[in-house]
Structure formats: structure tokens, C-alpha cells
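Inspection log for the structure reproduced underneath, given as C-alpha cells.
The values are calculated or read from the model by the stated rules, or taken from the named source; none is laboratory data. Keep in mind it's a predicted model, so treat the numbers as computed, not measured. Methodologically, a virtual Cβ is constructed for each residue, glycine included, from the backbone with ideal geometry; neighbour enumeration extends over all protein chains shown. To get the accessible areas, we keep the full protein, side chains included, count just its heavy atoms, and leave off ligands, DNA and RNA. Shrake-Rupley method; radii C 1.70, N 1.55, O 1.52, S 1.80 Å.
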Amino acid sequence: MQNWKIESKTAEQGHQLPVLAHVDVLVVGGGSAGVAAATTCGRQGLKTMLIEKYGFCGGAAVAGLSGTICGLYTATDEGEPQQVVFGFAEEFRQALLQRGGLTEPQRYGKTYTVTHDPLMWREAADDFLLEAGVEVLYHTAVTGVVMDGDNYQGVVLESNAGRSVVMAKRIIDASGDAAVVARAGGEYFFGDNGVIQNPTMFFRLGGVDMDKYLEFYGEDTICPTKVTEKILELNASGEYQLPRHKIWIFPTTRPNELMVNATRLAGQDGRVLNVIDPVDFTEAEVFGRKQVREYARFLTHFVPGCENGYVVDTSVEVGIRQTRSIEGVSKLSNDDVVNCRKDEDGICRSPWPIELHSGTKPKLHWLMNDWYDVPYNTLIPRIGDNIIVAGRCLSAEHEALASARVTAQTFEYGHAAGAACVLSLKHDKPLRELQGREVRAQMNLGDSRL
Ligand SMILES: Cc1cc2nc3c(=O)[nH]c(=O)nc-3n(C[C@H](O)[C@H](O)[C@H](O)COP(=O)(O)OP(=O)(O)OC[C@H]3O[C@@H](n4cnc5c(N)ncnc54)[C@H](O)[C@@H]3O)c2cc1C
């Protein structure tokens, strides 16, 4: 190992740390975006490394147990929703299906979603990365960046083995939290003037009599009015404290099991929790678990079929919908989403509604029989070279992000970021000089449709 002098904008300045590796592409974060990005680069023969702080991939979809792939299908009042997103998201969907780790399409209001098994998600991701020749480091966190002016050169890693550096020609920040960009002093913002969507702790309920449950609840995973009315009645009586009135429940691939998206977490003093702050993160975890028990008590007492239900587990971490969004070369606006704006430099379609979680009832704004395009430049920070983001930290206004953050799309942002790195290195061209349409063409080399 050689030693490297850190020219970092962070507190690392002046320290000497061992260099663990020199790679073509370093991917920070193994959520849906990071897995897609690293696989795309590895398959093209680039020396690719993925760093993940947990011991498995999946991020919000697995550790956060968000549990379904949303964003594949259009919303419609006429006939069946149509699948309009393919690419890596479709490849991963197929891989889960082949393992028996995915349900058939399930009704979610005017569209469909599909529920996945979180263990099989991890295994599928391991296989994708292994087959693509990606070097993966689990249980390792990125804690700093190595900068030369505004050029990203590498990152500082931390594990219980100590600290080291990985130097990279290109870095993909797929941390969800824009962890790399933020540590480099890059520009970012939080939601609507600092107000972000609430976190939710998911749980799974076993021991359910599915026939009885479905007969009462119906096929739609969004709860029927009678469930909301019961929640309101119980809250009014003071017997229960159920802060969210409209809840989602998904039958899983396992027998007699439901996955429940019900909790709404705010600070004990009523403040919006921002889980970037470990104080808020801790409060969300502790009171999330308490709220899970309260919703489980409600289900077992008032939802037929759930009488003998028990909490199988909660998510590994509270589900995080939103933290930092980067200030990008372009920003996806609320109007772009509502008006289903198409963009010739789009790298991904999104037909998913604005699904905004704040307050007692999530807001849903459907995009009927249509979709919008997410432009490539929403992944490129306004300042800095050799860096691209992938995933939910893209540059998007608050309500736009409430649509653009779901998993089919985050897979495709990763796919796009990986394709962009391939082109950038092949043609020795800065990431910010690439056109979205050439990135899309590169993505489509491996796939029949976007
Ligand atoms: C409660 C909730 C419900 C949701 N429901 C759905 C749903 O039903 N369907 C759907 O499609 N989407 C849903 N979503 C959205 C979706 O799950 C996420 O937006 C998406 O999974 C984000 O993917 P990502 O790859 O951008 O980020 P993440 O999944 O957040 O991945 C980031 C990864 O980076 C790692 N990381 C972060 N910082 C570091 C660091 N410094 N060093 C190393 N590793 C790091 C993290 O551990 C994580 O694995 C939901 C989200 C939440 C929170």
C-alpha cells in the first residue's frame, strides 16, 4: 500500500492514510441506485468498487423494508395499468420473480405495485454484483472525500480495521443522503424550505388468515374507508394513538404474512424529524417501534383475519423517504411532474403519483395514463467534476421528489449514472458534458427499452 496525502476539504486535511485501491468507478451506497450503477459499470469491464455501511445491499428497500417496487406501471381508470419502465429495474424484477421473491402485480389505487422478499433482494443484489465483477466492501462507511480543487479524487473509508482511502476516476454518490457531495462542501437543500417527508417504520405481521383478511380489506393495498373511519373513531375515544389514518398493507410472498406501511413519525415535541441528525434518527427508531406495536394492536383487534397476528420484525432502520437533495445542473420541478413533461435528455420515465407523506393522510396526485421524463442533468451537481449522484438525492423539488424517489426510478438513476461513467471514461469526457440522450442510448445497448 502506498501512502497518500489527503487534500481534503474535510477535517482529513494533512492526514496520511493508506490507499486501499485505485479504481475506475467508486459507488457509495448499495441501495437500488448503487446496485444498478455498480453492475452497469462492472459489466462494461470497468474496475468498480461499491462501499456499503451495512452488511447487505438494498438500502431503504431492504433495511427500510419499503418492500415493493413502485413506479413500473401507469395509473389508469380504464383497464389494466401498463408497464412503461424497463431497463435495470425490469432485469431486477425478473431476477426476484425467478427466485420466488416477488408477488404478482398488486392493486395500489389506480396503479400496480409488486412486493418483494427482502432476503431474496439481498441475495439477488449479491449475485448481480459478483457476476459483474464488482468489488464490494460491506460494513464500511465513507466518512470523507479527497478533493483537488473542485475535482473529486477519492473517498475516505472507515471500518473497524481503521481508516483508508480509495482513489477513483469517477465517483457515484448513491448514498441516498448525498453523503459524498455534502462532505465535499457541495450544494444541497432539504425539501420545501427544510420541511421533508416523515419517516415511517415498516413491520411484517405473521399468522394472518389471508382469505378472511382479503374478504374484509379487499385487493387494493391502500386501505378502504372503513379502516380509516375505525382509526379515527378509536383515536377520538382515546383508546388508541394512531397518527396516520390512511395506511397501506401488502400481502407478501410468504404464506399468511402482511407487510404494513402505517406509522407516521414526528418528534415527541411535534417537530419534523430529519434523520440526517442522529438525535432525530434515534427518536424515530425508538418511537417507531412503539408505534408499530400500536398499529399491530389495532390490526389484531379490529381487522378480520389478523386476530392471531404477531409482529415478525420491523425494518432494520426506520424508512427514510427524504433527506438531502443536491442542487443540480437542472432540477426536476413540481410542474414537470404534474404536467408529465417529456425531455429529450431524459434518462428515466416516471408514471408514479406524487405520494407525499406529511400530516395524518398521505397526499396522492395521480398522473393518469402518462409519465414524465427525468433529465440527466438532475444527477449532476452544479459544482464539481468526476461526480454524479444516483437515487433519491437527485435534484428535485419537494413534491416532485415525492414521485421521483420510488424504486423503479432509483434503479434507473443508478443505471444512468453507471452508463454515464462508462461513456465519460471511454471518451475521456467530463460527466457534465454528456448529453442525456447519449447516456440513454448507452443504457439501451443492454436493454431493449428504457
Ligand atoms: C417508508 C418508505 C416507504 C417506501 N415505500 C416504497 C414503496 O412501497 N415502493 C417503492 O418503490 N419505493 C418506496 N419507497 C422509496 C424507496 O424505497 C427509496 O426511495 C429507494 O429505495 C431509495 O434508493 P436509493 O438507492 O436512492 O437510496 P437508499 O436505498 O437510501 O440507499 C443508500 C445506501 O447508501 C448507504 N449509505 C449511506 N451513507 C453511506 C456512507 N456514508 N457510507 C457507506 N454507505 C452509505 C445506505 O446504507 C444505503 O444502503 C419508500 C421509502 C420509505 C422510506
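Quick check on Leu394: is it outside any helix (DSSP H, G or I), within 16 Å of the chain's Cα centre (by Cα) and either assigned by TED's automatic domain parsing to the domain that holds Ala36 or closer than 25 Å to Val338 by Cβ (or both)? The answer is yes for Leu394.
Scanning segment 299-313 for residues that are open to solvent by 80 Å² or more (accessible area, probe 1.4 Å) and not in a loop (DSSP other than H, G, I, E, B) returns His301, Tyr310. Counting just the residues of segment 55-70 that are out of contact with any Lys or Arg (no Cβ under 8 Å at 6 or more places or on another chain) and farther than 17 Å from His415 by Cβ, which one comes out surrounded by the fewest Cβ atoms within 10 Å (Cβ to Cβ)? Here the answer is Gly55.
For segment 334-365, the set of residues classified as open to solvent by less than 50 Å² (accessible area, probe 1.4 Å), within 16 Å of the ligand (Cβ to nearest atom) and assigned to a loop (DSSP other than H, G, I, E, B) consists of Pro351, Trp352, Pro353, His357, Gly359, Pro362, listed by residue number. Just to be sure before I move on: is Ala178 under 18 Å from the mean Cα position of the chain (by Cα) and on the phi > 0 side of the Ramachandran plot in the structure I sent? Criteria met by Ala178. Among the residues making up segment 79-115, those that are in a strand (DSSP E or B) and open to solvent by 10 Å² or more (accessible area, probe 1.4 Å) are Gln83, Leu102, Gln106, Arg107, Tyr112. Out of the residues in segment 26-54 meeting the condition of being touching a His at 6+ places or on another chain (Cβ under 9 Å) and more than 10 Å from the ligand (Cβ to nearest atom), tell me which one is most open to solvent (accessible area, probe 1.4 Å). Ranking the qualifying residues of segment 26-54, first place goes to Lys47.
Scan segment 314-333 and tell me whether some residue there is within 15 Å of the ligand (Cβ to nearest atom), within 21 Å of Pro255 (Cα to Cα) and open to solvent by 30 Å² or more (accessible area, probe 1.4 Å).
Taking segment 314-333 as the starting set, the residues that turn out to be within 15 Å of the ligand (Cβ to nearest atom) are 314-326, 328, 332.
With within 21 Å of Pro255 (Cα to Cα) added as a condition, the list becomes 314-315.
Remaining after also requiring open to solvent by 30 Å² or more (accessible area, probe 1.4 Å): 314.
Checked segment 314-333: at least one residue is within 15 Å of the ligand (Cβ to nearest atom), within 21 Å of Pro255 (Cα to Cα) and open to solvent by 30 Å² or more (accessible area, probe 1.4 Å).
When you go through Lys230, Lys212 one by one, which is the residue that is touching a Pro at 6+ places or on another chain (Cβ under 8 Å), open to solvent by 20 Å² or more (accessible area, probe 1.4 Å) and not small (Gly, Ala, Ser)?
Checking each option against the conditions leaves just Lys212.
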